[in-house]
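Below is one structure, written out as structure tokens; the observations come after it.
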């Protein structure tokens, strides 16, 4: 059973371990008594640094679908994601409005004409149809957001990837000694 006293002990213990670890690491880092001098030339070391941030691309796509694609340079995809999101947003609005109208009509007919089973059943079916289409449109809109975010994430990772002409693959006929094929691969 975890009580308040045990939680306080655990927090104190974790804090103590963190402080001890921090001070030990600092003391080893500041220790200049090593007999071996490890001065490395860091001018030759080139660390890869991404030009586009994947998290920023995902964040932009989650705010507005297509903006992450513009950020990573896939300009032709941006109108597709934005158009899909706008169309599905309008679909949600349209079906929700129709659902609300049918819901009100259903309640009125049920109260004023309880004997008209055909009309009540028809309005109930319409109401369910509009509700289902509204919900499916919202589900598809969520899919567009997720797809745009994943595409922006992958696009940001592949932004620095270059495809050069240094790799060649050539197949030529060879008829010097016997009919054959030459395969030349250069990179």
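The values are calculated or read from the model by the stated rules, or taken from the named source; none is laboratory data. Because the structure is a prediction, the values reported are computed rather than measured. Cβ: placed from backbone, ideal geometry, glycine included. Neighbour counts: every protein chain shown.
The set of residues in segment 64-78 being in contact with a helix residue (DSSP H, G or I) (Cβ under 6 Å, 6 or more places away or on another chain) and within 11 Å of residue 159 (Cβ to Cβ) consists of 71, 72, 74.
Filtering segment 68-112 to residues that are within 22 Å of residue 147 (Cα to Cα) and free of Cβ contacts under 8 Å to residues at least 24 places away in the same chain leaves 70, 75, 76, 78, 79, 80, 82, 83, 86, 87, 90, 93. Would segment 169-186 turn up any residue that is within 30 Å of residue 76 (Cβ to Cβ), in contact with a helix residue (DSSP H, G or I) (Cβ under 8 Å, 6 or more places away or on another chain) and touching a residue at least 12 places away in the same chain (Cβ under 8 Å)? No, because not a single residue in segment 169-186 is within 30 Å of residue 76 (Cβ to Cβ), in contact with a helix residue (DSSP H, G or I) (Cβ under 8 Å, 6 or more places away or on another chain) and touching a residue at least 12 places away in the same chain (Cβ under 8 Å).
For residue 152, the test of being touching a residue at least 12 places away in the same chain (Cβ under 8 Å), under 30 Å from residue 96 (Cβ atoms) and either surrounded by 14 or more Cβ atoms within 10 Å (Cβ to Cβ) or touching a helix residue (DSSP H, G or I) at 6+ places or on another chain (Cβ under 6 Å) (or both) is passed. Return yes or no: is residue 129 at pLDDT 95 or above and either closer than 30 Å to residue 185 by Cα or surrounded by 14 or more Cβ atoms within 10 Å (Cβ to Cβ) (or both)? Yes, satisfied.
Residue 115 meets all of the listed conditions (1) assigned to a loop (DSSP other than H, G, I, E, B); (2) modelled with pLDDT under 65 but one, namely (2). If you go through segment 113-125 and pick out every residue that is without any contact (Cβ under 8 Å) to a residue 12 or more places away in the chain and either surrounded by 16 or more Cβ atoms within 10 Å (Cβ to Cβ) or touching a helix residue (DSSP H, G or I) at 6+ places or on another chain (Cβ under 6 Å) (or both), you end up with 1.
I'd like to check something: does segment 54-74 contain any residue that is modelled with pLDDT of 65 or more and over 16 Å from the mean Cα position of the chain (by Cα)? Looking for residues that are modelled with pLDDT of 65 or more and over 16 Å from the mean Cα position of the chain (by Cα), one finds at least one in segment 54-74, hence yes.
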